[in-house]
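Engineer: Would you mind keeping the following structure in view while I ask a few things?
The values are calculated or read from the model by the stated rules, or taken from the named source; none is laboratory data. This structure is a prediction, so every number in the text was calculated from the model and none was measured. So basically every Cβ, Gly included, is an ideal-geometry build from the backbone, and we count neighbours across all protein chains shown.
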């Protein structure tokens, strides 16, 4: 099996910057029989766990159907190859003119009629940095830029080999596996106060707080950022309301991330072994 250091296709919030630290922390869980990725995202965490512990059961909650995008990489490559021809010698990163945009839209419409378009991957080749759309209607409204990928995406047929792919509400998944001795939950919900446009559901503050209930009393990895203020909130509640802090006793690792030349934030990983 090929070991991936990043997700094979674009995904908002994938954990490639944390992989080295994640692998180091995983060494503390060598005896864990099962890892359950409640918010599977790109599947990079589940893939990494299965690579490191092939004998463990790894459950990947693919609520955003990332595995479907992987299965259609060949189709996505063919679409991007045609778009490269349509764009031609246009200068990289420059705005694509209206006539060329219309030709691209027609080609995408043709592909959609045949069954599948990976709009997130397509967005990374046509839209301004970090901007994504989910359907043809949204795509038509956007200004196109020539940032079309120059090469094909590599096949990733074995990316999720040995991983059990499911699609369930994270609470249902937690309730199903929480009683298994030694289970480790990977908890990477959409970050509070950040763009979650590519996720299939809308998250309010209450949703983020509800997630914290899965951390109580068990082993976990939890991912957040300094923009969410979740850690500060839990510390305040513990201090002022005498409530239990789910992160008490957890180990924390921070990694600086940049969105562009002027804007950045801090990604945070916490883990606890009980």
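Engineer: For the stretch 108-121, how many residues meet the condition of being in contact (Cβ under 8 Å) with a residue 12 or more places away in the chain and part of a helix (DSSP H, G or I)?
Structural biologist: Residues flagged as in contact (Cβ under 8 Å) with a residue 12 or more places away in the chain and part of a helix (DSSP H, G or I) within the stretch 108-121 amount to 7.
Engineer: Turning to a different aspect of this structure: Among the numbered criteria (1) within 17 Å of residue 265 (Cβ to Cβ); (2) surrounded by 18 or more Cβ atoms within 10 Å (Cβ to Cβ); (3) modelled with pLDDT under 90, which single criterion is violated by residue 227?
Structural biologist: Of (1) within 17 Å of residue 265 (Cβ to Cβ); (2) surrounded by 18 or more Cβ atoms within 10 Å (Cβ to Cβ); (3) modelled with pLDDT under 90, only one is false for residue 227: (2).
Yes or no, residue by residue, for (1) out of contact with any helix residue (DSSP H, G or I) (no Cβ under 6 Å at 6 or more places or on another chain); (2) within 26 Å of residue 115 (Cα to Cα); (3) in contact (Cβ under 8 Å) with a residue 12 or more places away in the chain:
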{"site": "22", "(1), (2), (3)": "yes, no, yes"}
{"site": "38", "(1), (2), (3)": "no, no, yes"}
{"site": "60", "(1), (2), (3)": "no, yes, yes"}
{"site": "75", "(1), (2), (3)": "yes, yes, yes"}
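Engineer: Only one of these is in contact (Cβ under 8 Å) with a residue 60 or more places away in the chain and either in contact with a strand residue (DSSP E or B) (Cβ under 8 Å, 6 or more places away or on another chain) or under 30 Å from residue 166 (Cβ atoms) (or both): 46, 56. Name it.
Structural biologist: The conditions single out 46.
Engineer: If you don't mind, another one. Quick one: in the stretch 141-150, of everything that is loosely packed, with under 14 Cβ neighbours inside 10 Å and in contact with a helix residue (DSSP H, G or I) (Cβ under 9 Å, 6 or more places away or on another chain), which residue is farthest from residue 77 (Cα to Cα)? Break it down into steps so the answer makes sense when it comes.
Structural biologist: So the first thing to find is which residues in the stretch 141-150 are loosely packed, with under 14 Cβ neighbours inside 10 Å, and the list is 141, 143, 150.
Adding the requirement that they be in contact with a helix residue (DSSP H, G or I) (Cβ under 9 Å, 6 or more places away or on another chain) leaves 143, 150.
On the way: 143: 22, 150: 10 Å.
So, considering only residues that are loosely packed, with under 14 Cβ neighbours inside 10 Å and in contact with a helix residue (DSSP H, G or I) (Cβ under 9 Å, 6 or more places away or on another chain), the one farthest from residue 77 (Cα to Cα) is 143.
Engineer: Condition test on residue 17, is it part of a helix (DSSP H, G or I) and at pLDDT below 95? Quick ask: steps written out before the conclusion?
Structural biologist: Values: part of a helix (DSSP H, G or I): yes; at pLDDT below 95: yes.
The answer is yes for residue 17.
Engineer: So, one more: Quick check: is even one residue across the stretch 80-99 within 29 Å of residue 161 (Cα to Cα) and under 27 Å from the mean Cα position of the chain (by Cα)?
Structural biologist: Taking every residue of the stretch 80-99 in turn, at least one turns out to be within 29 Å of residue 161 (Cα to Cα) and under 27 Å from the mean Cα position of the chain (by Cα).
Engineer: If you don't mind, there's one more thing I want to ask. Taking the criterion of being at pLDDT below 95 and over 30 Å from residue 55 (Cβ atoms), would at least one residue in the stretch 165-185 satisfy it?
Structural biologist: The answer is no, given that none of the residues of the stretch 165-185 is at pLDDT below 95 and over 30 Å from residue 55 (Cβ atoms).
Engineer: Quick test for you: out of 131, 101, 27, 106, pick the one residue that is surrounded by fewer than 17 Cβ atoms within 10 Å (Cβ to Cβ), modelled with pLDDT of 95 or more and under 19 Å from residue 143 (Cα atoms).
Structural biologist: Just a single option satisfies the conditions, and that option is 106.
Engineer: How many residues are buried (at least 18 other Cβ atoms within 10 Å of the Cβ), under 18 Å from the mean Cα position of the chain (by Cα) and either modelled with pLDDT of 90 or more or closer than 30 Å to residue 33 by Cα (or both) if we restrict to the stretch 194-221?
Structural biologist: Result for the stretch 194-221: 4.
Engineer: Checking residue 124 against (1) part of a loop (DSSP other than H, G, I, E, B); (2) within 19 Å of residue 7 (Cβ to Cβ); (3) in contact (Cβ under 8 Å) with a residue 24 or more places away in the chain; (4) under 20 Å from the mean Cα position of the chain (by Cα), which test does it fail?
Structural biologist: All conditions pass for residue 124, except number (1).
Engineer: Moving to a separate point now. Which residue out of 61, 72 is under 21 Å from residue 189 (Cα atoms) and modelled with pLDDT of 95 or more?
Structural biologist: 61
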